[in-house]
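One structure is given here, and the rest of the page talks about it.
What follows draws every value from the coordinates through simple rules; no lab data is involved. For clarity, every value in this text was computed on a predicted model and none was experimentally measured. Note that each Cβ is placed from the backbone with ideal geometry, even for glycine, and that neighbours are counted across all protein chains shown.
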Amino acid sequence: GRVSIAKVCMGGVPYYADTILPATKLDARDVLLVRPDLASLRILPYAASSAMVFGTLHERREIGGGIDAGPYGQVSEYCTRGLLQRVLQTAREKLGIVFNVGAEVEFVLVRPTRRDRSETNNVVDTFGHRIEPIDHTVFA
């Protein structure tokens, strides 16, 4: 029962294409484990039957040539939450600065469409599918 994500999704796929960059030397076999932070668990106010939780990305622990079923390995260099924690710790320890930081998840609801881009600027072609916003609200 662990949740994992391919490391290449966090650092080897460019924003402009769904392809792995060879220079990263990452592939889909390199896996990070997601460790949920249950203190961040929130019921979504717009969908009471749904919830969200933040997590940190950890390296898998390898022991004796196999994957350890025990505790998570170290926080991955690809974990954005880990990076933020390191920056905040450095600011506190070296500069005496303390920040209060909050994360905001934003998304837009979309639907499939048959409309052409010439009909409206809202249509986006993504991997062979045309989508358009249901409305122009950004949910957070």
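Residues of the stretch 39-60 with amide nitrogen under 17 Å from the 7 Å Cα-to-Cβ point of Leu83?
Under 17 Å, as judged by backbone N against the label point of Leu83, lie 55-59 of the stretch 39-60.
For the stretch 94-99, just list the computed ³J(HN,Hα) in residue order, Karplus coefficients 6.51, -1.76 and 1.60, θ = phi - 60°, integers in Hz, with x standing in for Gly and Pro.
9, 10, x, 9, 10, 10
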